[in-house]
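Here the structure comes first, spelled out in structure tokens, and everything after it is commentary.
Please treat every number below as a calculation from the coordinates, not as lab data. What you see is a predicted model, and the numbers here were worked out from it, not measured in a lab. Because the Cβ atoms are built from the backbone with ideal geometry, glycine has one as well, and the counts that use them run over all protein chains shown.
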Amino acid sequence: MTEPTRPPVGARGPHDEAVTEHGRALQREIRADARHERRVVLVAALVAVLATAAVLVGLAALR
């Protein structure tokens, strides 16, 4: 009677590869979301600076 064969230590099967690829896809999505959020924050800050400048120029013009 032979003992059941075991894969070598560290061997990876198709399920492991699928899980790994899914993890990579999630990481890519998280990074893309973070880049989008940074862009949104930068645009909001730029709009706030421009609006402040416009108000200050408007107030200076009224003086």
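Relative to its Kirkwood radius, the Cα radius of gyration of the chain gives an Rg/Rh of 1.63. Using only side-chain charges placed at the Cβ, +1 for Lys and Arg and -1 for Asp and Glu, the dipole size of the chain relative to its Cα centre rounds to 460 debye.
Hey, what angle do you get for helix 14-62 against the long axis of the chain, alpha-carbon based, 0 to 90 degrees rounded to 10? The two axes meet at around 0 degrees.
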